[in-house]
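Okay, structure first, notes after.
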Amino acid sequence: MKELRAALTQASTDEAKTHALQHLLAYCGYLYYVKDAPQMEDYEYDKLYRELVELETAHPEYITSYSPTQRVGAKVEGDFPKVVHGTPMLSLGNVFTYEEVRGFTERTERDLGHQPDYVVELKIDGLACNLHYENGVLVRAVTRGDGRVGEDVTNNVRTIQSVPLWIENAPPYIEIRGEVYMPHKEFQRINEEREAEGVPTFVNPRNAAAGSLRQLDPAITASRNLDFFAYALGSSDGASIRSQHELLAMLDEYHFHVNPNYKLCHNADEIIERIAYWDTERHNLPYDTDGMVIKVNAFEDQEQLGATVKDPRWATAFKYPPEEVETIVKDITINI
Ligand code: NAD
C-alpha cells in the first residue's frame, strides 16, 4: 500500500498517474471487497476514483482491462455457488457538491426533454443483495458481486428476520433488491465480544455485514442480527409498477423493511434541501449512511435515460465528506 501511494505521489505525467491510480485503487478494491479489510477512507477512494475516470476520459489509450473503472464492485471468488444476474446490478455515479447535483438534474432534464420527479433516499452503507421470489416464495438470494455474477448466499439471507420468506399477492416471478446492513448496536456488541475473545475487530458496520453475510455456516450469520432495507426491483414477470415511489409503497405492502426517510422531489432545490437536512440528521440514525441517492421517479423516464456499462444514467449518489473533512470545510467557511 505504501509503495502504491508513493508511486502515485511520484507520478509526474498523466500516463504515470493513470497507471499508479489503477494499481492503487485495484489493490484498495481487493482489500475492501475480498478481504473485508479496507485501508483507505471511502471518501478518499471515491475522490481518487473520480480522478482516474477523468484521466481515462481524457486519455482512453491509458485504459487497461484491469482498471477498477472497468468493472462494478467485487471480484467474485470464494466458496459460494455463482449466479448470473438476469439484470445486471449496477453501481451508482457519484456527486460531491450541490453544484454537481444541479449538473445531474440539468443533464437529466435536457436528455428527457421535460422535468421529471425524483425520489431521494438515504444511501445505506451495506452491501447490495438480490432476492428471487417464485410464486411468492424466496428461492434464492444473491450478492451483487461484480455486477454481472454474484454469490448465492440464500441460506444466510434466510436468517435475516426482516426478509420475508414468502410474499402475498406477488407476481409469478419477482426479484427484490436492497441493502444488507448491520445496525450500530449490533456492531458494537459483536466488536466487544471479539475484543474479549482476542479476535480482530471489524473496521466498520459495512465490513462487519459483508463478513457476516459470507459465512459458510448460516448459524454464524444468524447470530449477527443483520437487517435488510428493500429499495429496487430486479428482473420480474408480471409486475406492473411504474415508478420508484410506487415500488417503495409496494415493498412496504409486501412486508419488506423499507427505509421511511425517502421523499418525492420536484426539482434540484428540493433535492438539495433534503441532502442538507440529512447531512446532520443522519448521525442520529441507528445505522450507517454514506450519502443520499437521487433517482428519476418514473420507470418510463429511467428506461429512456438508460445506463452506461457501470452506472444507471437516471440515478446518482451524493456522497457526504467524512466528519474531519466536514469540520475543516466548516472551519474554513467560518474563518473566511
Ligand atoms: P456505491 O456504494 O458508491 O453506490 C452503489 C451502491 O449503493 C449500490 O450497489 C447499493 O449497494 C448501495 N445503496 C445503498 N442505498 C441505496 C439506495 N437507497 N438505492 C440504491 N442503491 C443503494 O457504489 P459501489 O460500486 O458499491 O462503490 C463502492 C463503494 O465502495 C464506494 O463507497 C467506495 O468508496 C467503496 N470502496 C472503498 C474502498 C476503500 O478502500 N475504502 C475500495 C473500494 C470501494
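Bear in mind that the values in this text are calculations on the coordinates, not laboratory data. The structure presented is a predicted model; accordingly, all values stated were derived computationally and were not measured. Because the Cβ atoms are built from the backbone with ideal geometry, glycine has one as well, and the counts that use them run over all protein chains shown.
For segment 275-289, check the following and say yes or no: at least one residue is on the phi < 0 side of the Ramachandran plot and over 21 Å from the mean Cα position of the chain (by Cα). Looking for residues that are on the phi < 0 side of the Ramachandran plot and over 21 Å from the mean Cα position of the chain (by Cα), one finds none in segment 275-289, hence no.
The condition of being away from the ligand (no atom under 13 Å from the Cβ) and either of a type outside the set (Asp, Glu) or more than 20 Å from PRO81 (Cβ to Cβ) (or both) holds for only one of GLU168, GLU175, GLU151, GLU179, that being GLU168.
Just for segment 294-317: of the residues that are within 11 Å of the ligand (Cβ to nearest atom) and either more than 21 Å from PRO68 (Cβ to Cβ) or acidic (Asp, Glu) (or both), which one is surrounded by the fewest Cβ atoms within 10 Å (Cβ to Cβ)? Looking at the filtered set, the residue picked out is ASP311. Restricted to segment 179-236, the set of helices (runs of 4 or more DSSP H) holding at least 2 residues that are in contact (Cβ under 8 Å) with a residue 40 or more places away in the chain and buried (at least 20 other Cβ atoms within 10 Å of the Cβ) comprises 205-213.
The set of residues in segment 80-106 being more than 16 Å from the chain's Cα centre (by Cα) and either within 11 Å of the ligand (Cβ to nearest atom) or not in a helix (DSSP H, G or I) (or both) consists of PHE80, PRO81, LYS82, VAL83, VAL84, HIS85, GLY86, THR87, THR97.
Quick check, is LEU25 within 14 Å of the ligand (Cβ to nearest atom), without any contact (Cβ under 8 Å) to a residue 40 or more places away in the chain and outside any loop (DSSP other than H, G, I, E, B)? Please lay out each step first, then the result.
Values: within 14 Å of the ligand (Cβ to nearest atom): yes; without any contact (Cβ under 8 Å) to a residue 40 or more places away in the chain: no; outside any loop (DSSP other than H, G, I, E, B): yes.
Spelling it out, it is not the case that LEU25 is within 14 Å of the ligand (Cβ to nearest atom), without any contact (Cβ under 8 Å) to a residue 40 or more places away in the chain and outside any loop (DSSP other than H, G, I, E, B).
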